[in-house]
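> Below you'll find the structure I mean.
The values are calculated or read from the model by the stated rules, or taken from the named source; none is laboratory data. A quick note: this is a predicted structure, and the numbers were derived from the prediction, not measured. Cβ placement follows ideal geometry from the backbone for every residue including glycine, while neighbour counts extend to all protein chains displayed. Protein only, heavy atoms only, side chains kept; ligands, DNA and RNA dropped before computing areas. Shrake-Rupley method; radii C 1.70, N 1.55, O 1.52, S 1.80 Å.
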Amino acid sequence: MSPSCKESGHGWSRNDTVNPVLLAVIMMATVAPRSEAAEWSLAPSLGVKGAYNSNLLLTPSPHHDTYGYWVTPATELAGKTERLEVNSRIAADVVGYFGGEERQFTNVYAPLSVRYQTEKDLVGFTGGFTRDNTLLSELQETGVVLQFAQRNQWTLNPTWTRKLTEKLSFQSGAQLSDTTYETDRLVDYRLVGGSGGFRYQLTERDEIHVTGSYVDFHTTSAPASFRANYPGINMRVTRAFTESLTGTIHGGPRFLASRSQTALDAITAHDTVWLAGASMTKNWERGTLRVSFDRDLAPSGFGLLIQTNRGEIAGSYELSETVTGSLNVAGILTSGKSSAAVGGVFPDNSYVSLTPKLSWKFLEWWQAEVSYMYRWRDVDTAENSAESHATTFMVTYYPPKLSFSH
């Protein structure tokens, strides 16, 4: 199942769509030796959710309350041999909103994760196809409100790790992302990159990574094209303070070169951007807490690169054997990293979200979930900020898992 993209003369067509589940089956059958036993499991589910949002578009302009429904069928697929692991979760969201905003759309999720390990090598792959809404995904990733539009994104991320000694390993990876929007007001883009470096185990508790990377970003449907590339170096240090407390810090420069093609001339720019981040994770017997900060470069549907400064606190706790509570707080400051964008200069954005959630497994195959979400957004060029309050109630049915071996 794959929706059609805009007619922009690039990307994958409907006939090129690959079913991740079929790909997983083929890899399991061809890569795994005949002597290894393969264990498979299939876990279907069906969720129904009711939603309320006081400001669905997160606009400072006058607006009305919006109500909606979500129907989410899904299937989790897992396969495992002594060396190979395959995981996927195929899902769809059939969504309808009414009241202040009349909207109907369908989200599709088809991710794939593969790991194949030998004595010295680990080959991995993550990727797949996602069709989602920018106000539900890209907003949480970048803090930028683009438009109420559907986004279609293919991602391919293969990795390879080679163990050189007991403490030293070589790591490499590649990334390919192709993104299209189902509106002419946003710009399609493609991201291609690669990385390579070394991981060294300093002590039983300390680990260091040194990586070099290169990323190329370019628009594929803009009237005035934009292209940027940024090679860089990154160092990451991870320390396990205790068995339940782990900390990570990383940072390094990116050497950004960009070129904007206009009708009359081409504008080039060069800049050095320092990216950094840190996180701390604490685990308990019944809960977990993670605090993190990251400065990163990210592509945008406005047709340029943006810099995000993101702070986040996320935690969950098992109140009982059947009740679990969680809380997520995120704050994002976003600025443009080039002077040209769709509609003019990109303004600075501030975004905050607060999401408490409570889930209850009330029967063997049934689970209920209630959540609240507060969102606040401010743009430098706008006179007023915008905020919204949203609540959801969801019931999910999990039929018995199907398991078999070969």
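> Quick one: how many Å² of Ser213 are accessible to a 1.4 Å probe, rounded to 10?
30 Å²
> Any idea of Ile249's accessible area? Nearest 10 Å², probe 1.4 Å.
100 Å²
> In nm, to one decimal, how far is the modelled label at Ala43 from the one at Asp65, with both set 7 Å along Cα→Cβ?
Taking the simple label geometry, Ala43 and Asp65 are separated by 3.6 nm.
> Taking only DSSP H segments of four or more residues, each worth -39500 (n - 2.57), what value at 222 nm results for the chain once the sum is divided by all its residues, to the nearest 500 deg cm²/dmol?
Values: 2 runs with 17 residues, N = 406.
Here the helix-only value at 222 nm equals -1000 deg cm²/dmol.
> Here's a follow-up. Using a Gaussian network model of the chain with C-alpha springs under 10 Å, which one of Thr59, Thr211, Thr272 is most mobile by mean-square fluctuation?
Of the options given, Thr272 has the highest mean-square fluctuation.
> Under a 1.4 angstrom probe, counting protein chains only, how are Arg286, Arg131, Arg151 ranked by accessible area, largest first?
So, going from the largest accessible area down, we get Arg286, Arg131, Arg151.
> Relative contact order of the stretch 48-181: what whole-number percent is it, with Cα pairs under 8 angstrom and at least 6 residues apart? The partial results should precede the final answer.
Details: 305 pairs, mean separation 21.3, N = 134.
Over the stretch 48-181, the number comes to 16 percent.
> Counting alpha carbon pairs within less than 8 Å and at least 6 residues apart, what relative contact order, in whole percent, applies to the stretch 39-85?
The normalised contact order for the stretch 39-85 reaches 51 percent.
> Between Val345 and Leu202, take the C-beta separation as r, use R0 = 51 Å, and let me know the FRET efficiency to the nearest 0.05.
On the way: r = 45 Å, r/R0 = 0.89.
Given R0 = 51 Å and the Cβ-Cβ separation, E is 0.65.
> Can you pull the accessible area of His209 for me, 1.4 Å probe, Å² to the nearest 10?
30 Å²
> Provide the gained length on full extension for the span Tyr372 to Gln140, in nm with one decimal, where the gain is 0.36 nm per separating residue minus the Cα-Cα distance. Write down the numbers at each step before the final one.
Numbers: separation 232, 0.36 × 232 = 83.52 nm, distance 1.50 nm.
Separation in residues times 0.36 nm, less the Cα-Cα distance, equals 82.0 nm.
> Let me ask something else. Rank these residues by their accessible area, most exposed first, probe 1.4 Å: Arg254, Arg227. Could the numbers behind the result be given before it?
Working: Arg254 30, Arg227 115 Å².
Ranking Arg254, Arg227 by accessible area, largest first, yields Arg227, Arg254.
> Go ahead and set up a Gaussian network model of the chain, Cα springs under 10 Å, then flag whichever of Asp296, Asp65, Asp188 fluctuates most.
Evaluated over the chain, the most mobile residue of the options is Asp65.
> Let me ask something additional. Averaging sequence separations of C-alpha pairs under 8 Å and six or more residues apart, then dividing by the length of the chain, give the relative contact order as a whole percent.
Values: 1083 pairs, mean separation 51.5, N = 406.
This gives 13 percent for the chain.
> Student exercise: in the chain, how many lysine pairs 8 or more apart or on different chains have Cα atoms under 24 Å apart?
So the count of such lysine pairs works out to 10.
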